[in-house]
Each structure stands twice: as structure tokens, then as C-alpha cells.
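Remarks on the structure that follows.
No value in this document is a laboratory result; all are computed from the given coordinates. These figures come from a predicted structure and were not determined experimentally. With ideal geometry, Cβ positions are generated from the backbone for all residues, glycine too; neighbour counts draw on all protein chains shown.
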Amino acid sequence: METYLTCFHDQPYCPFSKEWLLRHTSSLPPEIAFPLVALTSRLPRRFRGALHEDTSDARTFADKAWDLLSNQYKDGKMGLSFLQGTFLMAQVDFADGKAHRGYASVALGLRAIQSVGLNKEKGSYLSNDPEVETRKRITWAFFMLDRSYSASRNYSLSLSDKQFTLPFPSLETEALLGHNESRTHGSLHDGPGKQGQKVDHGILVCLLRLYSLWGKTTEYVFEPFAESSLPPWQTGSALAILESEWLQFETHFADAHRYINVDFKRRAREDPQSRTYLSTWVCVQFMFHSIQCLLHHPFVIMTKLRNFNGNLSATFLQKSFETSLLHSRWIVRFIKEMSEVNFETCDPFLGYLAAIAATIQLEHTGSKNPQIALLLNKEFRILVDFMTELSVYWGNMSVLVSKLAQYGTKLLIISRSRST
């Protein structure tokens, strides 16, 4: 969520007290200020205790925000502030389990953006006007939110990738420092250029490209496997194409953002100014590995091949099994490193990605090898604990935690019975 807020507003959210928020949002239009307080008042505070006592206050601000936004919609006033407020309230709804209204808000925002052409490339985007940058950022923020929650069995994407031809947001440093020169930072549909060419447009652009691939991945996962579909191990299959795009992304991933060069733990401890960058970097790493987790999830592979009539490739199944485990363990690694340096994140979407990794680990905790079972059960607990921490602020996360805890307990009992 912090990445979303950074994308449409040049500064990240500041999760302090309600009073602090009200004082520092007084210069914002009320249709932004009320949603911002409604969303961030549930997040952890550094100077005060738990947030549960303010639940009613958050609802009050959410009600006020909806009144304002509804009146603006009725009057046809759907400008930038309306889009920003709607974007924030969509996240409030997703957090409160009101997904049906959250999906509708995302669709409304994207259609409003499309109706005035903010998603299209045009001459005004070459300007260095701060409002032009804000238009780009709110458009890309909706792009991410659409792919976070809407690409599912029941909700398709509100706006496909091909509709987003606008430039990427400016580099974070340029946006924050207000550089005057006009620059082009590429777009979603740029050609591959030279083989392996690495152009650093900033960590946020890396995340946007991964969100594009995430949207394609979830669509592939939830669409039925037709009889005419190529088996996933065959060249030209849907899985092979997605694998190729994932690998191609890696060849263009600038060395400056790679794990070995970022030195996450040191920077998190010693450089508080890098908080915005590192928050987005963590999202990139989660997303990068989660795409592989989802593509090769044992349940997904089983579902895709359930109605396949031909012979199965045992080598493919084994390799897919190992790939899912490898990348799920990377998610565990990042959670452990974040914990070691007290780097807190409040993005519920990271909790959902952790849940995908946890269900893969769950598959392996029943291993007949007691050492492997013990190790993976420990990693499974790390993932569940991470989600449990998020559930303190996002109630709908507790549903996933409860289900995983139940299945984890059952498998642990089965594993112990086998060892005895």
C-alpha cells in the first residue's frame, strides 16, 4: 500500500496519530483528506498504542469520504482529487472485506481516467508541470490496484495493458527534488531494444512492469484449460510464454536494484532516507518470486492438468515442484531479513503473496524426511506470523491466517504420526 500511495502522491504515507494526520492533511481537498485519514488511521503508530480503539473514528471518516465522493460523482466532478479519493477508498473497502464495492471503485476510476485520455500518450506528458506528473502517478496507481485485486476468477481486469500507453512516472529523485528538465522514462510497450540492454528508469518502473506480468499470470491461472491448449511443458504454451517474459524482465533488470547490490539490511539500519526506495524494492522482490510461485504452484499445475488426456512429463512436474519451493523460500528469506532490521511493512497485498508461498510450504511440511518437514514447517510458521502481524491492521487478512493455521496443524499431526 505504501508503494501505491507513493505512486499517486510524491511522498509516502506517514502512519502517525489521527490528530497528526488531520493537522497535516488540512491543506488537502476534503475528498482526499478524509479517505487518507480513514485508510491510514488503522496503521501502526510509532508513538501510541494499538489502533483498535479508533475503529469507529475510521468508519466515521470513511462515511464522510463517501458522502463527498458520491456528491462529486453525482455532479460529474471527477477530476484528480476525485480519482485520488476514490483510489484510497477502494483500498479501505478491500481492507474491510467489501470487495464488491472496491472492484467497482477501481473500475469507475479507470473508466474516468480512460474517458479523459490520461492513460494515453500525449504531448502534455512531456511537460515538467507537477500536475502532469500527478496525473501519470494516479493512472499507474489504478493500474497496480486493478492487477492486485481484480484479476481473479470472478473479476477480469478493468483495463488491459494495451490501453496504457502513457509514459512511466519520473524517477523518484526527480519527482521529489522537482527537476526542471523534461525527460522521457519509457513506457509499458517499449520494444526490447538490444538483447540484455539494461536501462534504469527507477525501482517503481520495475514494479510496474512486474505488475503487468502479474496480471497476465493471474489471468492464466484462473482461465480454464481448454482441450486445444498446448501442455505447459511445450514450446509456445501459455506457461512457456509467461516464463519467457519473466526471464526477459530479468535481463533488463538494472544491476543497481539487484539483491546483492542493494544491501537491504545495512541500508534499512543506517539510511532512514531510503525508506521509500526500500519499500518499493521489497514489493519488487516479493512480486518477482511470487510470479514463479503462482505459475508453478502444485495446486495450479494439478488443476491445469486435471483434464489433460495425454501423457504427463514427469521431469516437468518435478522441476515445477522444485521451482515453486525455491521461490517460496525466497519470500521467507525477505521476511526474515525485514524482521532482523525491524523494517515494518503494512501492505496487505504482500500478505496475500506470503499466503501463496505458505500454501506451497504447506505442501512440503508433510515430507517423509523429518529434517525437511521440520525446516519447512518452521518456514511455514514464519510466513503465517508475517500475515498475522498484518491481520492486526487488516481484518480480512485474519481469514487467511485462520485457514492456514488449521491446515498447518493437521499436516503437523500427520507428519508426527508418520515419524512415530
Task: Neighbour net charge for Ala268 - beta-carbon separation under 12 angstrom, K R +1, D E -1 - done: -1
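Count charges around Pro232 for me, please; just the other residues with Cβ under 10 Å from its Cβ, Lys/Arg as +1, Asp/Glu as -1.
Charge balance near Pro232 sits at 0.
Note down the net charge around Ala358, summing +1 for each Lys or Arg and -1 for each Asp or Glu among other residues with Cβ under 13 Å from its Cβ. Walk me through the numbers on the way to the answer.
Values: positive: Arg329, Lys378, Arg381, Lys403; negative: Glu363, Glu379, Asp385.
Net local charge, Ala358 excluded: +1.
Given +1 on the Cβ of Lys and Arg, -1 on the Cβ of Asp and Glu, and no further charges, what dipole in debye does the range 307-384 carry about its Cα centre, rounded to the nearest 20? Don't jump to the answer; show the numbers that get you there.
Working: 7 positive and 7 negative charges, 61 e Å.
So the dipole magnitude of the range 307-384 works out to roughly 300 debye.
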Task: Positive-end extreme of charge dipole, the range 264-374 - chosen from Phe334, Gly351, Ser313 (charges on Cβ) - done: Ser313
Task: For the range 64-175, size of Cβ-based charge dipole, Lys and Arg +1, Asp and Glu -1, in debye - done: 420
Task: Lys, Arg +1 and Asp, Glu -1 on Cβ, resulting dipole of the range 224-374 about Cα centre, debye, nearest 20 - done: 320
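Mind running the shape call on the range 269-382? Use the C-alpha gyration tensor, a ≥ b ≥ c as the square roots of the eigenvalues: rounded below 1.5 for a/c, prolate if a/b tops b/c, oblate otherwise. Show your work: numbers first, answer last.
Details: a/c = 2.98, a/b = 1.82, b/c = 1.64.
Since a/c reaches 1.5 and a/b is larger than b/c, the shape of the range 269-382 is classed as prolate.
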